[in-house]
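Have a look at the structure below before the remarks.
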Amino acid sequence: MGRAEERRARQRGGRRAAPRRSSGTPSNTEGSPSTTVIGVPSDAVGGRAAARRAAKGRGGDGKGRIRRLFTWKKILGTFLGVCLLGIGAFIALYLAVDVPDDNAAAQAAQRQSNVYKYSDGSTLARDGTVNREIVDLSKVPKKVQYTFVAAENKSFYHDNGIDLKGTARGVLNTLMGKGAQGGSTITQQYVKNYYLSQEQTVSRKLKEMVISLKVDRQMSKDDILAGYINTSYYGRGAYGIQAASQAYYRKDADKLKVSEGAYLAALLQAPSQYDWQAASDTGKRLVTNRWNYVLDNMVEEGWLTKAERQTMTKLPVPREPRPTAGREGQKGYLIELANRQLEDQLMKEQGITRSQAEAAVVDQGWTITLNIDKKKQAALEKAAKEQLTSKLDKKKRKVDGNVQAGAVSVDPKTGKVVALYGGVDYFKHYTSNATRTDYQPASTFKPVILAAALEESAQTRSGKPITANTIYDGTSKRQVLDADGDKVGFAPENEDDRDYGDVTVQTAMNRSVNSVFAQMGVDVGMKNVMDVAGKLGMDTENEQAVPAQTLGTMGASPLQMAGVYATLDNHGKKVTPSILKAAEHNSRTVTIPNPVGEQVISEQAADTVTSVLTGVVNDGTAQQSVANNPKRDGQKVAGKTGTSDDNKSAWFTGYTPDLVTSVGLFGEDAKTHAQTKMYGAGGFDRVNGGGFPAQIWSAYMFGVTDTDAKFDLDTDQGAAVQPTWTPTPSQEPTTEEPTEEPTTQEPTEEPTTQEPTEEPTTEPPTEEPTTEPAPTVPTDEPTDPITLDPGRPDNDQ
């Protein structure tokens, strides 16, 4: 039998020949007859070998099993089965879910008042008078209607009411705990506002999709759009476009211009954040960008001509809000911060957007308990009135009408905001001065630089460790040098161009010497400085790490600065001030996070800064208003004054072992709200951090703090634990010692040739000068008033 016949025979028998092997026997060559191996025919051997390989594949070959398990037929069948199950489930859901009737819808659309309480449980305010008026779509100009479509859903007039991709993403994100990521159509948003709730659950999202499909079939697009703009929340307690039009522009909806409609449409993304009258610089930038986005989309869709668009170059600024019942005095400021922090928590827990969070909080029947201590709140309000507002007279001095004050008081051990002052009255000044971040903290930033130096174990250019006793050159306008000795192009001026010569870090902090801290910042590395500032609680995300930041040029709020100093007071454990004690709702539970976090800088670094800052109070720029204040009853105090460029802001942020308070004064034009200078306010040449801010601080703090509390400091540096030494300054003081508030002339913050001590000589300082002083010529980088007798630890006479 030839090989071909042999092969066919084997195949007919169901076997294939295996290679013939014989120990020591060469393989057959082509055309050779078959041979026998130990008396067994080769074809039998091959068959058994093939069987063994097949058995091996069945029993131990994992790859073979996987190939048989995941055949393309099985994969396709499984996919089709899942699709059919999904389609079946959706059909069942579609049949099971009905559009709620009018009564159910009306109940879902109604709002309930929120109740706000003090920390002791007594009622602070009941907020939530609903401002809503439904208007027919025909009352809204057609192009104003288009602004909402352009903002939210350009395909609105062509889609079937849902965005499958966006809904699928929302369901997936909810299952993964990431929350909403946008993508809803106008129909879906209307359904959510009117028929459902703001909660982020898979069932709610699926119901939203089904109801949206049915609503799109049952209602016209105009009816859906009308429902959407009439049920949406626009901020200022306004629901619906008519209420919003009145709240923001003092006109009915039918009188709205396209540019105004575009602002209201843009507002829906984040009503409170985008409210121009209360928005931060970031908020104003974001809403302006969205306003432009809306108008550009209208041009793209053919709803607005390019010529019309070119005339709309400036966002129409809305009017200031009208008074709302229950928000008079400080209540409005407290409510706004409580709402914002609750919204932040909901956004974190549920992954929802700011707009969704606001809709879930405002007028939703919450009972919100604040950390505000009723007695401390009253004491802070009284201090602000007695030490500032009662002394301002805008009829006598126009600049007095441009002075705004803000303050926040925090318990450093718990992080609770126990008192807050947002302005003279929420109805008179809508923006909270306690939380605004558009003014420079100035020299109150210097402790952050020192904290960074200590935390990073930084050294001077000569290789010496930076400590409280390290000596720096305090020459005004001294060029700052990098590690290689090259100029960095920054030479800040000290107050009144004062030269200090060689001074210790302690004295430089006491006197707020710009040139010293500018060089220190570069020695530490500005990136390290900004990193530590961020760890302590300042918003440094969009700030550049440049030497100019050593002057405190970034924006900050009293709330933020209170958190920074509370972290120092709390020995380096992060304090994020919280006004929320509890938030209760019948349909959800919110866990309020602990305001005290992890260790962000070492205990030694934080305590050393505290020790140094006691010198600012006892022997520096806060001596007169704080250390020598007659209301002080032995309280241990650390703090820092600050006065920004051109006297646009003035600060005192200080703390005792048991309480931290940051007070800021801000120059704001009463009509335009632009930043302005405060020279001459209150009858003084310049508003210093050691003046009104420190006086408010002292009047409040020395009435509510523990007189026996002591700083428990883990350090051997600074004024609190050892006496300081200061080299002789370059300008010798005279024997004349003017007070901080003289009777005939207002001193500058750092005199040039005379040395003030902020202690009176024979008469106590007066609150107001007897004659109207003439303003001094300001410098570009003011700091604080000085004294030059550091040999006396308390400067008592």
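Each reported figure results from applying straightforward, stated rules to the coordinates on display, with no laboratory input. Source: prediction; values computed, not measured. Cβ: placed from backbone, ideal geometry, glycine included. Neighbour counts: every protein chain shown.
With the simple spin-label model, which puts each label point 7 Å out from Cα in the Cβ direction, the VAL488 to SER457 separation comes to 2.2 nm. Fewest neighbouring Cβ atoms within 10 Å first, the residues HIS158, HIS571 line up as HIS158, HIS571. Each residue in PHE490, PHE652 was given a count of other beta-carbon atoms within 10 angstrom of its own, and listing them fewest first yields PHE490, PHE652. A straight chain from GLN479 to VAL317 at 0.36 nm per residue would run longer than the Cα-Cα distance by 53.9 nm. Placing a label point 7 Å from the Cα of GLU328 along the Cα-to-Cβ line, the residues of region 416-431 whose backbone N sits under 16 Å from it are 424-429.
With both labels modelled 7 Å from their Cα along Cα-to-Cβ, the ASP120 to ARG632 distance reads 3.0 nm. Inverting the pair-averaged 1/r between distinct Cα atoms of region 271-376 gives 16.6 Å as its Kirkwood hydrodynamic radius.
Taking label positions 7 Å along the Cα-Cβ direction at both THR414 and LYS251, the computed distance is 5.0 nm, reported to one decimal.
Neighbour counts of C-beta atoms inside 10 Å place LEU580, LEU370 in the sequence LEU580, LEU370, starting with the fewest.
Qualifying GluC sites (Glu not before Pro) in region 508-607, where qualification requires a DSSP coil assignment and no more than 12 other C-beta atoms within 10 Å, comprise GLU541. Using the structure shown, list the pairs from LYS385/LYS671; LYS251/LYS416; LYS139/LYS192; LYS314/LYS535 with a Cα-Cα distance above 32 Å, or answer none. Flagged as over cut-off: LYS251/LYS416; LYS314/LYS535.
Considering every alpha-carbon pair of region 214-303, the percent of pairs per 5 Å bin, from zero through the bin containing the longest distance, is 3, 14, 21, 23, 20, 12, 5, 2, 0. Annotation: extensible slack from THR589 through ASP714 equals 40.9 nm (criterion: 0.36 nm per residue apart, minus Cα-Cα distance). Given in Å, the Rg to one decimal and the Dmax to the nearest whole number for the Cα atoms of region 355-469 are 20.4, 63. Computed over region 403-540, the alpha-carbon pair-distance distribution with 5 angstrom bins reads 2, 9, 16, 18, 17, 12, 10, 8, 5, 2, 1, 0, each value a whole percent.
The trypsin sites (Lys or Arg not before Pro) of region 215-292 meeting both criteria, a DSSP state outside H, G, I, E and B (loop) and at most 12 other C-beta atoms within 10 angstrom of the site's C-beta, are ARG250. In this structure, THR282 and ILE75 have a Cβ-Cβ separation that, at R0 = 56 Å, corresponds to a calculated FRET efficiency of about 0.65.
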